[in-house]
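So the structure is just underneath, and the comments pick up after that.
The values are calculated or read from the model by the stated rules, or taken from the named source; none is laboratory data. Predicted model, so just to flag it, every value in this text is computed and none were measured. Quick reminder, even Gly has a Cβ in these numbers, built from the backbone with ideal geometry, and neighbours come from all protein chains shown. Surface accessibility is based on the protein's heavy atoms, side chains included, excluding ligands, DNA and RNA. Shrake-Rupley method; radii C 1.70, N 1.55, O 1.52, S 1.80 Å.
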2 protein chains.
Amino acid sequence: MAFNQVFEALAHPVRREILARLRSGPLSAGDLADGFDLTKPSMSVHFKKLREADLVSVERQGTSLIYQLNMSLLEEALAGVLTLTDGRGAADGGTSTKGKHE
Amino acid sequence: MAFNQVFEALAHPVRREILARLRSGPLSAGDLADGFDLTKPSMSVHFKKLREADLVSVERQGTSLIYQLNMSLLEEALAGVLTLTDGRGAADGGTSTKGKHE
DNA sequence: TCTTTAATTAGAAGATTGTCTAATTAGAGA
DNA sequence: TCTCTAATTAGACAATCTTCTAATTAAAGA
């Protein structure tokens, strides 16, 4: 439903790589963060964006958080781009009042 | 090649809608801009991003610029996400030196 | 050449993003 | 309860994005 969040999530190479790693199976936040040239808190922010886009799901296991890929939404989003409907029918810019931003 | 630019281009709803409209066939910048709640210069900036991502091609016709969808690259990018390789093999964060940004 | 139409580029301002360090939350175990 | 490990949230700051108005470029026609 939140197509926009999905595409924003996919817009960053680190997040796409996170998804790529999850294809092999679930991973803890720590394992997932290993190998990236970023601090853990920075990685955590990327995880959050993926969660909010519902591209991954989380489950606690002791002190660890285990991330898992939610492939179906990803596929939906991409199918949406191929038909380029974005889930809707019309545009976001349907009526032109030139509202300007302030 | 520039997968990153493709995904950044897809990250904005206005640009996805532009692509959607181009599916019906080529359109001039002016026609393409009609119906969006943005000024022409703002639309022009979106066009530019799509050109830079190579998602559209342009051709001049008198005083008009005619935009056309470049579907193949779009399909490539999405196929890339489904296999989640991003065109490469490994990650961007291959070696972890925690380089920090300044 | 001058004017008109179509579209872009330039420059500015506000909002958002990405990153860091520091502090906090949550569970496990002694 | 205290401590340790795992991970997140908070706050700050630089860089990028989005939008605007104003100015510029390009082609066509009188």
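Side notes on the structure shown:
- Computed from protein heavy atoms with a 1.4 Å probe, the total accessible area buried between A and B is close to 3200 Å².
- Counts of other chain beta carbons within 10 angstrom of each beta carbon in peptide B:37-44 average 3.
- Taken residue by residue and averaged, Cβ atoms of other chains lying within 10 Å of the Cβ of B:13-20 number 6.
- For the pair the stretch B:2-52 and the stretch A:59-78, the centres of their Cα atoms are 31 angstrom apart.
- Two-site FRET efficiency, B:S24 against B:A2, from Cβ-Cβ distance with R₀ of 35 Å, rounded to 0.05: 0.85
- Loop trypsin sites (Lys or Arg not before Pro), the stretch B:17-87, which have at most 12 other Cβ atoms in a 10 Å radius of their Cβ (DSSP): B:R23
- Using a Förster distance of 25 Å, the FRET efficiency for B:S44-B:A79 (Cβ separation, nearest 0.05): 0.25
- All-pairs alpha carbon distance profile, the stretch B:3-83, 5 Å steps from 0, percent: 3, 16, 28, 26, 16, 7, 3, 1, 0
- Of A:K49/B:K49; A:K48/B:K40; A:K40/B:K40, those spanning more than 32 Å from alpha-carbon to alpha-carbon: A:K48/B:K40; A:K40/B:K40
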